[in-house]
Structure formats: structure tokens, C-alpha cells
Amino acid sequence: MSIRMPAVSLAAIPGRREKTLRIAEEIEQRGFPAIYGPSLGDSLSLCLAMAQRTRQVQLGTTITPIYTRHVNDFAQTASFIHEVSDGRFRFGIGVSHAPAMDRLGVTPGKPLADIRKFVADLKAVPRAGRLPPIVLAALRDRMIRLAEEIADGLVFANGARTHMAASLANLSEEARTGERFFIGNMIPTCISDDEAAAMAVNRRTLSSYAYLPNYRNYWREAGYEEEMAAVEAALADGRRDDVAACLSDRWLADTTLFGSASKVRDGIEAWFDAGIKTPIIVPSSASGGQIQALEEFFSIW
């Protein structure tokens with residue numbers, strides 16, 4: 001039985017950008033199929049640099065917020081990366097989250113309408129060159145359906161594995177099973193034989209997402225009503241430090257990967273079996289930073 005390799009999430013942290021590019025070269029050499037940059041940092045610049053340092057690995061952004069640049073600039077940049085990477089680039093876009101946009105002084109509109117307009121405007125930019133495949137960041141049903149209507153794929157972040165069948169039922173069979181339509185999910189992952197420590201890392205990672213109404217609504221829909229009610233009660237009382245304790249082990253196991261190497265490998269297979277064509281591992285470490293986390297992840301293959 002062949003091993004299905006996941007994609008890897010990679011962020012270029014200031015001061016470590018050249019080292020990040022060397023890691024991208026190693027990811028390709030190790031046979032991983034793709035590298036995706038999150039909204040942290042400038043993932044478009046990272047993809048452009050990786051396009052010059054790699055030859056075969058697929059590249060992309062997972063969630064580039066659509067409000068941070070003019071659509072003309074996005075079109076030119078995305079087309080440039082697509083061209084110089086020889087067609088290896090996917091442009092993942094999304095509306096981000098209210099706190100992040102508040103820090104930028106941006107007032108978003110309605111997510112579905114804004115995404116629809118952005119994609120139409122992107123495709124209408126003159127003399128931009130050929131655009132890459134467009135992937136929509138999605139959680140709930142209407143955005144999933146919109147992705148098949150106007151884009152070339154969708155990507156979840158912190159999706160619930162047991163809810164994937166219901167989510168992907170919004171797509172046609174061709175989109176669910178064919179090669180053209182991209183379906184990814186960013187999965188927080190911590191590899192450690194100290195399973196309790198790995199769980200604690202992932203719980204801290206996702207606690208901040210539980211502050212966001214759109215994530216709470218999604219996880220409630222996925223069957224975690226009690227957990228989300230407890231989170232909302234804690235937030236209403238100003239007890240933000242109690243949010244992590246509201247998130248059950250069952251929820252954590254459904255949204256993240258943690259534990260021994262064999263357990264994480266089995267978990268990745270379970271994500272493939274759930275209909276995620278490209279699981280995107282977001283590595284964390286119980287004993288270090290991003291570099292340590294990637295070394296721990298590489299060691300299991």
C-alpha cells in the first residue's frame with residue numbers, strides 16, 4: 001500500500017526567510033506534493049521565492065485576505081507567480097476574520113458577496129496574464145457551494161473530520177472525486193510521545209479561533225453545541241482564559257492531529273478517507289518553534 005503524502009504549511013517568519021526557503025527545498029526533496037502559505041506573513045512573496053527555488057512541488061496560498069491589496073495588484077502578482085512557477089501555483093483567498101481586519105482599519109462587507117465580486121473583478125483585470133486556479137477558504141455550506149460555482153477548489157482551516165461528509169455533500173460528485181477541483185484542509189498537528197503535551201499545544205493553537213463567531217457557528221453545526229455554549233458563556237463573563245478548558249478532547253481529536261508518529265500518520269490517512277484530497281499539515285512542537293516542529297514532522301516519513 002502506497003503512503004499518501006500530505007501537503008505542508010510553511011510561513012516565512014522575519015529573520016528566518018532564507019532558512020524557510022531552504023526548508024521548502026527540503027520539503028520538495030522529501031517528496032511532499034505541495035507547500036501552502038497561511039495568512040501569517042506575506043505568503044505571496046514566499047510563493048514567488050519558492051517558485052525560483054523549487055522545480056516540481058505545487059505551491060499556493062491557503063487564505064490570502066482579499067481586503068489587503070487592490071484587486072489589480074492581486075491579479076498581476078498571482079499571474080506572475082503562476083507563470084514563473086510553470087503553472088504550479090494556486091491562489092487561495094478568503095475574507096479573513098473581523099479582529100484581523102479591525103487591526104488594518106478595514107470594514108468588510110458580506111463574505112459571499114465580497115468573494116463573488118472579488119473573483120469577478122480579478123478575472124476582469126486587463127493585461128494581467130493567465131491567472132492560476134482560485135481556491136476559496138470555506139467552512140459552511142454556502143461558501144462551499146460558491147467555491148464550485150466560481151472557483152477551482154476550496155480549503156478548510158480547522159475543519160471537523162466527522163462533519164466532512166455533510167460539508168462535501170454540497171459539491172457535485174465530479175468536484176468531490178475528480179482531479180480538477182481542489183479540496184484541502186489545514187490541520188494543526190503536534191507530534192510527540194507525550195500525548196498530553198501535544199494535546200495542550202493544539203488546544204492553545206485553536207483557542208483563539210474559538211473566540212470567532214464564524215468558527216463557533218461551524219463547530220456547533222459539526223456537533224459541538226455544548227462546547228460552543230460553554231465558550232460563549234466564558235466570553236460573556238470576560239473569562240477568556242477559560243476558553244481552552246471548554247474545548248473537549250473529542251473536539252480536539254476531530255479538528256487536529258496529535259500524539260505519536262504512527263497515530264499522526266493514521267490520522268492523515270483518515271483525513272484522506274474523509275474526502276480531503278490535500279490534507280495540509282500545520283506543524284507545531286511541544287518542545288520548540290516552527291523549525292523544530294518541521295523536523296519532528298519530517299522524521300515520521
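Among the criteria (1) touching a residue at least 24 places away in the same chain (Cβ under 8 Å); (2) surrounded by fewer than 21 Cβ atoms within 10 Å (Cβ to Cβ); (3) not acidic (Asp, Glu), the one ALA124 does not fulfil is (1). Among the residues of region 250-301, those that are under 14 Å from ALA198 (Cα atoms), of a type in the set (A, V, I, L, M), open to solvent by 10 Å² or more (accessible area, probe 1.4 Å) and touching a residue at least 12 places away in the same chain (Cβ under 8 Å) comprise LEU257, ALA261, VAL282, ALA286.
Would you point out which residue out of ILE3, ILE27, ILE23, ILE35 is among the β-branched types (Val, Ile, Thr) and at pLDDT below 95?
Details: ILE27 fails: at pLDDT below 95; ILE23 fails: at pLDDT below 95; ILE35 fails: at pLDDT below 95.
One residue alone meets the criteria, ILE3.
Would you point out the residue of region 204-249, among those that are farther than 24 Å from VAL95 by Cα and of a type in the set (Lys, Arg), that is farthest from the chain's Cα centre (by Cα)? Residue satisfying both the conditions and the ranking: ARG239. Does region 1-29 hold any residues that are under 16 Å from TRP301 (Cα atoms), open to solvent by 50 Å² or more (accessible area, probe 1.4 Å) and assigned to a helix (DSSP H, G or I), and which are they? If the condition is that a residue be under 16 Å from TRP301 (Cα atoms), open to solvent by 50 Å² or more (accessible area, probe 1.4 Å) and assigned to a helix (DSSP H, G or I), then GLU26, GLN29 are the ones that fit. Please indicate, with yes or no, whether at least one residue in region 50-60 is without any contact (Cβ under 8 Å) to a residue 60 or more places away in the chain and small (Gly, Ala, Ser). So far as region 50-60 goes, yes, one or more of its residues are without any contact (Cβ under 8 Å) to a residue 60 or more places away in the chain and small (Gly, Ala, Ser).
Which of the residues that make up region 21-45 are in contact with a helix residue (DSSP H, G or I) (Cβ under 7 Å, 6 or more places away or on another chain) and not basic (Lys, Arg)? Working first, answer last.
Applying the first criterion (in contact with a helix residue (DSSP H, G or I) (Cβ under 7 Å, 6 or more places away or on another chain)) to region 21-45 yields 21, 23-25, 30, 35, 37, 44.
Listed by number, the residues that qualify are LEU21, ILE23, ALA24, GLU25, ILE35, GLY37, LEU44.
Run down THR62, THR77 and say which single residue is at negative phi and surrounded by 22 or more Cβ atoms within 10 Å (Cβ to Cβ).
Values: THR77 fails: surrounded by 22 or more Cβ atoms within 10 Å (Cβ to Cβ).
Going through THR62, THR77 in turn, the sole match is THR62.
Out of contact with any Asp or Glu (no Cβ under 6 Å at 6 or more places or on another chain) and closer than 26 Å to LYS277 by Cα: which single residue out of ASP121, ASP152, ASP102 fits that description? Spell out how you get there, then give the answer.
Details: ASP121 fails: closer than 26 Å to LYS277 by Cα; ASP102 fails: closer than 26 Å to LYS277 by Cα.
Being out of contact with any Asp or Glu (no Cβ under 6 Å at 6 or more places or on another chain) and closer than 26 Å to LYS277 by Cα holds for just one of ASP121, ASP152, ASP102, which is ASP152.
The values are calculated or read from the model by the stated rules, or taken from the named source; none is laboratory data. Since the structure is predicted, the reported quantities are computational estimates derived from the model, not experimental observations. Cβ atoms come from the backbone with ideal geometry, glycine included; neighbour counts cover every protein chain shown. In case anyone asks, the SASA skips ligands and DNA or RNA and just uses the protein heavy atoms, side chains included. Shrake-Rupley method; radii C 1.70, N 1.55, O 1.52, S 1.80 Å.
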